[in-house]
Amino acid sequence: MPAARHIEEPLRALNAICPYYTMFPLEFPLRVLRGRAEKGEWVVDPFCGRGTTNFAARLLGLPSVGVDSSPVAVALTQAKLADARVSDVVRVAVGILDAMPSRVSVPQGEFWERAFESSVLRQVCWLRKELLRDCSSDSRLLLRAILLGALHGPCTKSAASHLSNQCPRTFAPKPDYAVRFWRERRLEPPVVDVVEVVKIRARRYLSERPKQTATHVVLGDSRAEGVFGKRKFRWAITSPPYYGMRTYIPDQWLRNWFLGGPATVAYRPPEQELDHGSAEAFADDLRKVWKGVAANAAEDARLVIRFGGIADRDVDPVELLKNSLKASGWRLTTAVSAGDANAGRRQATQFVHGGPAPKEEHDFYAVLD
Ligand SMILES: C[S@@+](CC[C@H](N)C(=O)[O-])C[C@H]1O[C@@H](n2cnc3c(N)ncnc32)[C@H](O)[C@@H]1O
């Protein structure tokens with residue numbers, strides 16, 4: 001297995017295919033696994049987000065399972081584990097767009113008119129429709145993730161890298177706010193060569209391709225019985241939502257729309273959301289997940305959790321997490337500070353748009369009880 005420090009930068013490029021609101025750095029799971037994990041040992045992340053743990057496992061030649069309740073997270077994780085040549089991904093994009101009919105139905109309203117130039121919007125909608133119809137090949141999984149990454153972001157003076165009018169990259173703005181912003185500044189959506197954007201991005205992420213490993217990615221609730229299948233895991237490395245963090249899907253509503261979701265922001269909490277009603281209820285829900293992982297764990301399995309808190313909840317995240325591990329099948333061995341949550345690219349670093357401020361993050365290490 002390659003030592004993590006020997007994994008060249010270009011091999012890691014795929015990890016950046018699309019930003020995700022809260023993510024931990026690739027170095028974190030690499031550090032846990034490097035030099036310790038043996039060939040063939042399965043790795044799991046029950047809250048896999050954009051698939052950082054799964055991609056680290058792939059870089060080290062390890063098989064992995066990822067579970068997440070967000071369609072955006074699952075689409076990104078699937079892409080991190082896929083493999084295709086640049087030319088194949090571009091060929092799929094060109095093939096889909098060549099077959100575009102003259103009439104394509106697009107969502108209506110001022111947001112959509114101002115977010116995307118009309119011909120770009122038609123192409124985005126057609127690509128969306130085609131990829132919803134069939135996303136079974138690795139080339140299509142990678143194309144879909146490239147488009148998710150390009151869907152919204154800043155406009156630059158040089159060649160366009162995003163398809164939208166001026167937007168943040170990590171989260172989608174709320175429609176009313178975005179329309180006001182564009183109107184007041186007279187910002188027009190750019191005319192973008194969609195295939196060119198795909199080509200540039202495919203080259204960026206796929207010029208070096210790490211070897212594929214066995215994987216299983218599940219769109220589901222990690223509290224559910226049987227969600228992890230039948231494999232025995234030696235490593236579980238994860239970062240659950242922080243208590244009070246409930247905006248994973250609304251903050252990604254545009255990407256979620258591209259994956260078949262509604263063309264509006266849904267504020268209703270998703271069914272799979274953990275219970276944020278109280279710290280005790282939240283810890284109980286986490287405990288269900290730890291129990292499920294324990295039921296599938298090899299004898300000498302390790303569970304590593306990064307967890308923090310947000311300032312508007314007056315709860316000690318360390319106590320909450322310790323509580324969740326009680327009677328979970330796991331015994332806590334170590335809890336250490338991950339350092340200042342604003343240093344490096346830790347998950348709370350992404351709290352940049354006036355959301356709740358992060359508290360310090362901690363790493364928890366546990367063994368089977
Ligand atoms: C902190 S993020 C994980 C980020 C990940 N470590 C990364 O690097 O991208 C937590 C994730 O938990 C997911 N999640 C929330 N509730 C869930 C549930 N009941 N089952 C599975 N995933 C859930 C969210 O959608 C989110 O992607």
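The values are calculated or read from the model by the stated rules, or taken from the named source; none is laboratory data. Everything numeric here is computed off the predicted structure, so don't read it as measured data. Neighbour counts are summed over all protein chains in view; Cβ atoms, including those assigned to glycine, are modelled from backbone coordinates with ideal geometry.
Give, as residue ranges, the helices (runs of 4 or more DSSP H) completely inside the range 157-272 that count at least 1 residues that are among the β-branched types (Val, Ile, Thr).
Counting at least 1 such residues, we get 175-184, 194-206.
Taking SER239 and the conditions (1) closer than 15 Å to GLY66 by Cβ; (2) surrounded by fewer than 20 Cβ atoms within 10 Å (Cβ to Cβ), which numbered condition does it fall short on, given that it satisfies the others?
Here SER239 meets the rest and fails (2).
Which condition does LEU127 not pass, out of (1) outside any loop (DSSP other than H, G, I, E, B); (2) among the hydrophobic types (A, V, I, L, M, F, W, C); (3) in the same structural domain as ASP284 (by TED's automatic domain parsing), if it passes all the others?
(3)
Can you name the number of the only condition in (1) within 14 Å of the ligand (Cβ to nearest atom); (2) assigned to a helix (DSSP H, G or I); (3) surrounded by fewer than 22 Cβ atoms within 10 Å (Cβ to Cβ) that GLU280 fails?
(1)
Hey, could you check the range 292-339 for residues that are of a type in the set (Lys, Arg) and part of a loop (DSSP other than H, G, I, E, B) and say which is farthest from GLU225 (Cα to Cα)?
ARG313
Sort through TRP290, TRP257 and tell me the only one that's assigned by TED's automatic domain parsing to the domain that holds ALA75, crowded, with 23+ Cβ neighbours inside 10 Å, modelled with pLDDT of 95 or more and more than 9 Å from the ligand (Cβ to nearest atom).
Within the list TRP290, TRP257, the selection yields TRP290.
Which condition breaks for LEU62 when tested against (1) of a type outside the set (D, E, K, R); (2) part of a loop (DSSP other than H, G, I, E, B); (3) more than 30 Å from VAL293 (Cβ to Cβ)?
Failed condition: (3).
Look through the range 19-76, keep the residues that are of a type in the set (Asp, Glu) and farther than 18 Å from TYR242 by Cα, and return whichever of them is nearest to the ligand (Cβ to nearest atom).
The initial filter retains those residues of the range 19-76 that are of a type in the set (Asp, Glu), namely 27, 38, 41, 45, 68.
Narrowing the set further to residues that are farther than 18 Å from TYR242 by Cα leaves 27, 38, 41.
Numbers: GLU27: 11, GLU38: 23, GLU41: 19 Å.
Here the residue is GLU27.
Count, please, the residues in the range 8-19 that happen to be over 21 Å from ARG144 (Cβ atoms) and either at pLDDT 80 or above or not assigned by TED's automatic domain parsing to the domain that holds GLU38 (or both).
3
So that you can scan it fast, the table gives a plain yes or no per residue for (1) without any contact (Cβ under 8 Å) to a residue 24 or more places away in the chain; (2) in contact with a strand residue (DSSP E or B) (Cβ under 9 Å, 6 or more places away or on another chain); (3) of a type in the set (S, T, N, Q):
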{"residue": "PRO71", "(1), (2), (3)": "no, yes, no"}
{"residue": "SER105", "(1), (2), (3)": "yes, no, yes"}
{"residue": "GLY109", "(1), (2), (3)": "no, no, no"}
{"residue": "LEU132", "(1), (2), (3)": "no, no, no"}
{"residue": "ASP138", "(1), (2), (3)": "no, no, no"}
{"residue": "LYS157", "(1), (2), (3)": "yes, no, no"}
{"residue": "VAL179", "(1), (2), (3)": "no, no, no"}
